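Nothing in this text is a laboratory measurement; each read-out follows from the coordinates by a stated rule. Quick caveat, the model's predicted, so the values are computed rather than measured. When we count neighbours, we look across all protein chains shown, and the Cβ atoms used for this are built from the backbone with ideal geometry, even at glycine.
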Amino acid sequence: MIAQAGAKGRQLHKFGGSSLADVKCYLRVAGIMAEYSQPDDMMVVSAAGSTTNQLISWLKLSQTDRLSAHQVLQTLRRYQCDLISGLLPADAADDLTSAFISDLERLAALLDGGVTDAVYAEIVGHGEIWSARLMSAVLNQQGLDAAWLDARA
């Protein structure tokens, strides 16, 4: 995860989903970055907790059982919104929550056209996007310069 102590140049820090499972985990990761990262370092994050599994479940159920799909989506929505509100002050949380809700609406609209490989990839990949946005905001709140990058672009 972290290159050898004393190594020169940019380092890459990778954090998996279980290391971002809840508010305490996000804060632990932010603390690790504050202690061990350098200004030019990069960070890669996975989808938080079970987000990817929830997205896959939502995607599959949307084609067969819309009520269950809606329940999975509401669970995912609560989970992500709880992370955001638990980590950020209200103004920053509102902006990030709005972006998240907008993403969900756009992804739900994609499902109306059926599940192609492209739709599957678009939906399942959003967990990492949400984690990157949130971690960037958390790091910035803690005084670390951070920006999230969309690897798909």
**Rounded to 10°, Cα long-axis angle of helix 126-141 versus longest principal axis of the chain** = 40
**Message:** Given the DSSP H assignment, sum -39500 (n - 2.57) over each helix run of at least 4 residues in the chain and divide by its residue total; what's the result at 222 nm in deg cm²/dmol, nearest 500?
**Reply:** -20000 deg cm²/dmol
**Complete:** The simple spin-label model distance between Leu12 and Gln63, using points 7 Å out along Cα→Cβ, in nm, is 3.2
**Prompt:** Whose amide H sits under 5 Å from the amide H of Val44, counting only residues 5 or more places off or on another chain, with H placed in the peptide plane?
**Reply:** His13, Lys14, Phe15
**Request:** Calculate the spin-label point distance for Asp145 paired with Asp40, positioning each point 7 Å from the Cα along the beta-carbon direction, and give it in nanometres.
**Result:** 1.3
**Complete:** Computed over the chain: longest principal axis from alpha-carbon atoms vs helix 23-36 long axis, angle to nearest 10 degrees, is 30
**Request:** Please tell me the relative contact order of region 16-141 in percent, rounded to the nearest whole number, where contacts are Cα pairs under 8 Å and at least six residues apart.
**Result:** 35
**Prompt:** Given [x] 10, 37, 38, 14, 1, 0; [y] 10, 31, 24, 13, 9, 8, 5, 1; [z] 11, 39, 32, 14, 4, 0 as candidate values of P(r) over Cα pairs in 10 Å bins from 0, in percent, which corresponds to the one derived from the coordinates?
**Reply:** [z]
**Prompt:** Karplus couplings for region 37-51 from phi (6.51 cos²θ - 1.76 cosθ + 1.60, θ = phi - 60°), rounded to Hz, Gly and Pro as x?
**Reply:** 8, 10, x, 9, 5, 10, 9, 10, 10, 8, 5, 5, x, 9, 4
**Message:** Quick check: Cα centre of region 84-134 to Cα centre of region 25-63, how many Å?
**Reply:** 13
